[in-house]
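Here the structure comes first, spelled out in structure tokens, and everything after it is commentary.
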2 protein chains.
Amino acid sequence: MLTADYYINGILQQDRIVLSKAITLIESTRKEDEAVANDVLKACLQINKQSKRIAITGAPGAGKSTFINAFGQHLITQNFTLAVLAIDPSSSASKGSILGDKTRMEDLVSNKQCYIRPSASLSHLGGVAYRTRETILLCEAFGFDYIFIETVGVGQSETAVKNMVDLMLLLLLPNAGDELQGIKRGIMEMADIIIINKSEKENDVIAKIAAAQVKHAVHLLSASEKDWSPAVLNVSSIEKTGIEELHEKINSYFIKMHTSGFLTHNRNAQDYYWFEETIQQELQYQFSNNSNVQQLKASLQEKIKNKEINAVQAARFLVTNFLEN
Amino acid sequence: MLTADYYINGILQQDRIVLSKAITLIESTRKEDEAVANDVLKACLQINKQSKRIAITGAPGAGKSTFINAFGQHLITQNFTLAVLAIDPSSSASKGSILGDKTRMEDLVSNKQCYIRPSASLSHLGGVAYRTRETILLCEAFGFDYIFIETVGVGQSETAVKNMVDLMLLLLLPNAGDELQGIKRGIMEMADIIIINKSEKENDVIAKIAAAQVKHAVHLLSASEKDWSPAVLNVSSIEKTGIEELHEKINSYFIKMHTSGFLTHNRNAQDYYWFEETIQQELQYQFSNNSNVQQLKASLQEKIKNKEINAVQAARFLVTNFLEN
């Protein structure tokens, strides 16, 4: 078994093989890996590097992979490094739909400045989210300039991903009317920058109309606490237009958020979110996996059915019993 | 202090003053009232009477109180008895908006066949919901033919109320287009009967168009597990038209649900819901009110801020510590 020092040194030396092993370690559900994983995470927390953490969200078909390929390539030519991760809490139905098609990231896959890590094995949202979050911590300690987190903009994953990143990028298609219906309003509200992707030259007119419509819709949303009104940009990932404007917009976002202190404030708030979130999940986990609870619960359910006890009383009794033993 | 027997006997003898006192007892947050309240609830559970539990929901302005007055009066003339309760989890802003205006129920207030109980003191949703649910149990043991639960159809209260009743009645206004936007889709899906209220004679045309539109919208919703497609009816609570048709529709609903076994199945499922729901809330309550937890939590938050510990690790440590002490 490898030591924590092995992982930590490897990450400090920017050894990508060790990084991959470290991610596998924190993804492990084996009890015996836990202590080392915790030590690695703790050490990584104290390494004082900061990446730009950017979520890239959008409905299936919005062209996320192709966009990441184009934007990633732009960053690489400017000598930046980047990690691409995925969060995919959805059921096995969409397994492989996310980051699965690496052929759409052909320019990135074999590039040394880019590290791509597909989604961890499917599990409940909490599980996937923890691992993605902890993978971000490892990648940040490794020293990537940018970390992209790709996510499908239709599920519950958005709140989780919003609480891991500094900037939310939402990809829409030029047929905005239809598109907006597929995207929950709450996701529009979370976006810092909205990209009308597939704004190819031949789509110029509808792409600009779409951008105007989205700008109008976004304008109606209430101003965010961070004093930033979401930018709406036309991008063609295929023709590679609008990429530089996007990069400039991202830069000005980070400068503004850094200056205002929002970046730090936000990361602290995110830590707090994960603290509270994990408390809930852990309490629930310990409770449901307690064998006394399981037995007593079954017998209480029987009594509830027979009207021998009120459901609320039964629940209180069960919790008290759990806490006293 | 009054004994459990005092309350139980009073309820069995249909003494409305004792019923009111019993509701006040279960609404009490005083520790010393708990044992008696539990005994009363337990006894009431075993009294084998069954009311028709009906939720009446709709946006503010839909005319819920006036409707309850008209429908209640109809039931009274047919020699039925009814209790009218309210669930209002919203903030103090709307305090008094629900059931506050008893003048709209002038025909019911002084009638001996009708018992009206305004909302309990405002508290978190869970608290109000428990009390409303337990108030239903008391009223059912008392022997009312009908129990109405009035709720504002815009908040989180709908899932709670759905899990207390046999039938969900949704009130809409004739200007369905606007109205539908104010009502969440999920609430439309929960409704068993939809009433276009304020279908006065002078509104006849738009009221019928509205009913047709709502019927169409409802038709698009997927069929429910109970094999019932929601009925849409025009009612004027002022001119008292459509009330008899509504009563017939409610009767046929209950006959159908009784025959299919859904009524019993549903009540068992509801008990299970409250069991699970209370477990969550109780675990959370015991955890947050533990003084060790409060101290340790504060110090862990400090450590998280200083990057001395990862938020997820800190949460696990805190939960473990709570469970071991």
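Key figures for this structure:
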| item | result |
| --- | --- |
| Set B:LYS249, B:LYS240: member being touching a residue at least 60 places away in the same chain (Cβ under 8 Å), of a type in the set (D, E, K, R) and more than 14 Å from chain A (Cβ to nearest Cβ) | B:LYS240 |
| Given (1) in a helix (DSSP H, G or I); (2) among the acidic types (Asp, Glu); (3) over 24 Å from A:ASP145 (Cα atoms); (4) modelled with pLDDT of 95 or more, number of the condition A:GLU239 does not satisfy | (1) |
| Restricting region B:112-146 to residues that are within 25 Å of B:ASN251 (Cβ to Cβ) and surrounded by fewer than 16 Cβ atoms within 10 Å (Cβ to Cβ), the residue that is modelled with the lowest pLDDT | B:LYS112 |
| Among residues of region B:46-68, those that are crowded, with 20+ Cβ neighbours inside 10 Å, part of a helix (DSSP H, G or I) and of a type outside the set (Phe, Trp, Tyr), counted | 3 |
| Of all residues making up region B:215-268, the number that are in contact with a strand residue (DSSP E or B) (Cβ under 7 Å, 6 or more places away or on another chain) and not assigned by TED's automatic domain parsing to the domain that holds B:ILE147 | 0 |
| Odd one out for B:PHE71, checked against (1) at pLDDT 95 or above; (2) assigned to a strand (DSSP E or B); (3) among the hydrophobic types (A, V, I, L, M, F, W, C) | (2) |
| Some residue of region A:196-213 being in a loop (DSSP other than H, G, I, E, B), in contact with a Lys or Arg (Cβ under 9 Å, 6 or more places away or on another chain) and either within 30 Å of A:SER20 (Cα to Cα) or modelled with pLDDT of 90 or more (or both) | yes |
| Scan of region B:273-284 for residues that are at the interface with chain A (Cβ under 7 Å from one of its Cβ atoms) and without any contact (Cβ under 8 Å) to a residue 40 or more places away in the chain, ordered by number | B:PHE275, B:ILE279, B:GLU282, B:LEU283 |
| Selection within region A:1-25 - within 23 Å of B:ARG316 (Cβ to Cβ), modelled with pLDDT of 90 or more and hydrophobic (A, V, I, L, M, F, W, C) | A:LEU2, A:ALA4, A:ILE8, A:ILE11, A:ALA22, A:ILE23, A:LEU25 |
| Filter result (assigned to a loop (DSSP other than H, G, I, E, B) and modelled with pLDDT of 65 or more) within region A:98-111 | A:SER110, A:ASN111 |
| Residues being touching a residue at least 24 places away in the same chain (Cβ under 8 Å) and polar (S, T, N, Q) - total across region B:253-267 | 2 |
| Residue selected from region B:302-325 under the condition more than 7 Å from every other protein chain (Cβ to nearest Cβ) and assigned to a helix (DSSP H, G or I), by the criterion surrounded by the fewest Cβ atoms within 10 Å (Cβ to Cβ) | B:GLU324 |
| All positions within region B:285-301 that are more than 8 Å from every other protein chain (Cβ to nearest Cβ) and part of a helix (DSSP H, G or I) | B:TYR285, B:SER288, B:SER291, B:ASN292, B:VAL293, B:GLN294, B:GLN295, B:LEU296, B:LYS297, B:ALA298, B:SER299 |
| Test: residue in region B:270-284 that is surrounded by fewer than 16 Cβ atoms within 10 Å (Cβ to Cβ), more than 26 Å from B:PHE67 (Cα to Cα) and not assigned by TED's automatic domain parsing to the domain that holds B:ASN163 | yes |
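The values are calculated or read from the model by the stated rules, or taken from the named source; none is laboratory data. Computed from a prediction, not measured in an experiment: that's the story for all the values here. For neighbour counting, all protein chains shown are included, and Cβ atoms are generated from backbone atoms with ideal geometry for every residue, glycine included.
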